[in-house]
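What follows is a short report on a single structure.
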Amino acid sequence: MKFGIVIVDEQSSFVHRNLPAAVETLKALGCAEQNILVRHAPRLFNATMMTQFFAEYTDVDAVIILTESSPAPEYRAMLDGVTKLQIAWNMPVCIGDCTAASEAVEMVSVQNEMEAAAPEHISPDRKAIN
């Protein structure tokens with residue numbers, strides 16, 4: 001498994017607490033450290049663009065966006081953009097704190113199980129869809 005992590009505001013205490021915990025969670029769940037790609041989004045609205053970067057230019061199985069929930073319109077816009085990307089790229093994206101890492105692993109596992117259970121003639125290769 002390979003994961004992309006988008007961090008927003010890399011100097012915040014939230015990121016300092018959650019990034020190491022997310023990486024350790026992924027490693028504990030079987031992801032090799034070299035298969036964890038971390039990228040910084042300067043502002044929250046850039047997280048959508050970074051997620052699309054991971055989808056288009058890498059072979060990650062899922063993206064984790066480490067950011068605090070917020071009532072700000074910028075946060076809502078990011079959620080809407082990421083939802084559209086998940087559908088377009090058939091790639092799980094989990095948002096939140098370090099628990100998002102275990103959610104991402106679970107979503108990748110569920111996706112792999114569903115693809116394996118699909119009849120061969122309709123089983124899509126989600127990496128080749130795009």
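The values are calculated or read from the model by the stated rules, or taken from the named source; none is laboratory data. From a predicted model like this one, the values you see are computed outputs, not experimental measurements. Glycine gets a Cβ as well: all are built from the backbone with ideal geometry, and neighbour counts include every protein chain shown. These area figures cover heavy atoms from the full protein model, side chains too; ligands, DNA and RNA do not enter into them. Shrake-Rupley method; radii C 1.70, N 1.55, O 1.52, S 1.80 Å.
Miscellaneous remarks
- Neighbours by Cβ (under 7 Å, 6+ apart or cross-chain): first from the range 28-46, farther than 12 Å from V60 by Cα and of a type outside the set (G, A, S); second open to solvent by 50 Å² or more (accessible area, probe 1.4 Å) and assigned to a loop (DSSP other than H, G, I, E, B): H40/E10
- Taken over the range 71-118, residues that are surrounded by 12 or more Cβ atoms within 10 Å (Cβ to Cβ) and assigned to a loop (DSSP other than H, G, I, E, B) amount to 5.
- Selection within the range 8-32 - among the charged types (D, E, K, R) and modelled with pLDDT under 95: D9, E10, R17
- All positions within the range 35-52 that are in a helix (DSSP H, G or I) and either touching a Cys at 6+ places or on another chain (Cβ under 7 Å) or within 24 Å of V110 (Cβ to Cβ) (or both): N35, A47, T48, M50, T51, Q52
- Verdict on Y57 being hydroxyl-bearing (S, T, Y), more than 15 Å from the chain's Cα centre (by Cα) and surrounded by fewer than 19 Cβ atoms within 10 Å (Cβ to Cβ): no
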